[in-house]
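Everything on this sheet refers to the single structure shown next.
The values are calculated or read from the model by the stated rules, or taken from the named source; none is laboratory data. From a predicted model like this one, the values you see are computed outputs, not experimental measurements. A quick note on method: Cβ atoms are made from the backbone with ideal geometry, for glycine too, and the neighbour counts reach across all protein chains shown. The accessibility values were calculated without ligands, DNA or RNA, using every heavy atom of the protein model including side chains. Shrake-Rupley method; radii C 1.70, N 1.55, O 1.52, S 1.80 Å.
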Amino acid sequence: MKNFRKSSLQIDTQRHRNGAVLVSCVLLLLVVLMLETSSLVSSRNLHSMAQAHAGREFARQAAEAALADGRRHLLIVDDPLSPADSGVSHEFGSVTGQSYPAGATSAPLPVYQIVRLSVTGSTGICRINATGWGMSQKPQLSLQADYAVTVCEAQQQREDTRAEIGRAHV
């Protein structure tokens, strides 16, 4: 009988040990699962931050391109100080004929607006408001620049001639 009790005691302790190993393995697996989940969340956050940065950078480049196109617009129009053109929005290249860089077609074209701030004779100050968008329409960036503009003498003479012709027809 003594042998029977000894063997049953050994079996009970072995079952107890097997249960402890199972519990410790489950706890270890839970810790690994939590670490993996946190690394996935961190990776997703880093990915979205990188996309947002790329979108803002794309919007900044688009707004700078629109600002440069607005400067070219001031140089090629007959009368950059004309009140008829003040405050009108223009898409990139609509006046200058410039084409937007390849690969940038997924976002709307940048736009600019030329606003006359002050005019004194043949000189004046114009502000260009340029807006660019990121790869979607969410990131939007606006830039402003003020420029002193002088109408050339030939342009001024044409304006004076137009004014005289206009008065003669009245």
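Of the residues that make up the stretch 33-47, is at least one hydroxyl-bearing (S, T, Y), under 20 Å from W133 (Cβ atoms) and part of a helix (DSSP H, G or I)?
Among the residues of the stretch 33-47, not one is hydroxyl-bearing (S, T, Y), under 20 Å from W133 (Cβ atoms) and part of a helix (DSSP H, G or I), which makes the answer no.
Can we say S136 is hydroxyl-bearing (S, T, Y), within 22 Å of the chain's Cα centre (by Cα) and on the phi < 0 side of the Ramachandran plot?
yes
For residues in the stretch 55-112 being outside any helix (DSSP H, G or I) and acidic (D, E), which is modelled with the lowest pLDDT?
Among residues in the stretch 55-112 that are outside any helix (DSSP H, G or I) and acidic (D, E), the one modelled with the lowest pLDDT is D78.
Please go through (1) under 30 Å from A50 (Cβ atoms); (2) modelled with pLDDT of 85 or more; (3) open to solvent by 30 Å² or more (accessible area, probe 1.4 Å) for I125 and return the number of the only condition it doesn't satisfy.
Unmet for I125, out of (1) under 30 Å from A50 (Cβ atoms); (2) modelled with pLDDT of 85 or more; (3) open to solvent by 30 Å² or more (accessible area, probe 1.4 Å): (1).
Name the pairs: first residue in the stretch 83-94 and over 16 Å from D146 (Cα atoms) and of a type in the set (G, A, S), second residue open to solvent by 30 Å² or more (accessible area, probe 1.4 Å) and assigned to a loop (DSSP other than H, G, I, E, B), Cβ to Cβ under 7 Å, at least 6 apart or on different chains?
Once the first residue is over 16 Å from D146 (Cα atoms) and of a type in the set (G, A, S) and sits in the stretch 83-94, its partners that are open to solvent by 30 Å² or more (accessible area, probe 1.4 Å) and assigned to a loop (DSSP other than H, G, I, E, B) give G93/S99; G93/Y100.
Quick one: would you say S142 is assigned to a strand (DSSP E or B) and in contact (Cβ under 8 Å) with a residue 12 or more places away in the chain? Walk me through how you get there before you give the answer.
Working: assigned to a strand (DSSP E or B): yes; in contact (Cβ under 8 Å) with a residue 12 or more places away in the chain: yes.
Criteria met by S142.
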